[in-house]
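Data first, discussion second: the structure below is written as structure tokens.
Readers should treat all values here as calculations from the given coordinates under stated rules, not as data from a laboratory. Being a predicted model, the structure only gives us computed values, none of them experimental. As a convention, Cβ positions derive from the backbone with ideal geometry for all residues, glycine included, and neighbour counts pool all protein chains shown.
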Amino acid sequence: MQKLIDNQTIGFDVHIAGDGQPVSISGLHMHKRMNGKQFKGVDVLFPLEGDGDIIFRPSSTKNALRNQLMTEISRVVSKNVAKRKELVKVVMEEIQKYSNGMPSKEQIQKIRNGALRIADVFSKNSVIKQEMTEQIESHLKLFVTEHKKEDGKIFYIKQDFLRNRIKVSDDLEELFKVNDIKWLNEPPE
């Protein structure tokens, strides 16, 4: 799973941020955005459970690149089915915990434990090196933790309680980019 975050940012959501519907595993998907120089800015939406379309942004992404990215994603998520199932289970449980509103400061230990559970999927030695929170009226809006992979490289996990989204990246700046906005003006395929 570590290959999913090498020079990339991945996000998980269920496409229901704030619409009041119950969280459903059938909507769970991964947003994968390339951070490296070669394919910087290409974004792939990939269903993790159930059926769903694979979407590339921008839609003008060349077929050769699409095939390369799909091969990479498929190789990682198919290589260890148990690890993928663990990832789906952990992400869904954590999103469900805060899908009914923002957690309070008193729930920080549960959120910290959730960050460790997510990090365990990507690294065997998950320890929170640093954590950052953003609060609104004594409720947590964001919880960001810093972790270390086995190779010593740092990665980050951002739990966004307003958007019911989890992001994992090896680039802290990429974690805070709003990647949905730039695609709004793109014509539909």
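Compared with the alpha-carbon gap, the fully stretched path from I54 to Q68 is longer by 3.7 nm at 0.36 nm per residue. Under a model in which nothing but the beta-carbon of Lys, Arg (+1) and Asp, Glu (-1) is charged, the chain shows a dipole of about 540 debye around its Cα centre. I'd like the FRET efficiency for K148 and K177, computed as 1/(1 + (r/R0)^6) with the beta carbon distance as r and R0 of 22 Å, rounded to 0.05. Given R0 = 22 Å and the Cβ-Cβ separation, E is 0.45. Percent of Cα pairs in the range 41-189 per distance bin of 5 Å, from zero to the largest separation: 2, 8, 16, 18, 21, 17, 12, 5, 2, 0.
Per-residue ellipticity at 222 nm, computed for the chain from helices alone with -39500 (n - 2.57) per DSSP H run of at least four residues, works out to -9000 deg cm²/dmol. Label the range 22-104 by shape, choosing from rounded, prolate and oblate, from the square roots a ≥ b ≥ c of the eigenvalues of the Cα gyration tensor; if a/c is under 1.5 it is rounded, and otherwise prolate applies when a/b is larger than b/c, oblate when it is not. It is prolate, given that a/c is not under 1.5 and a/b is the larger ratio.
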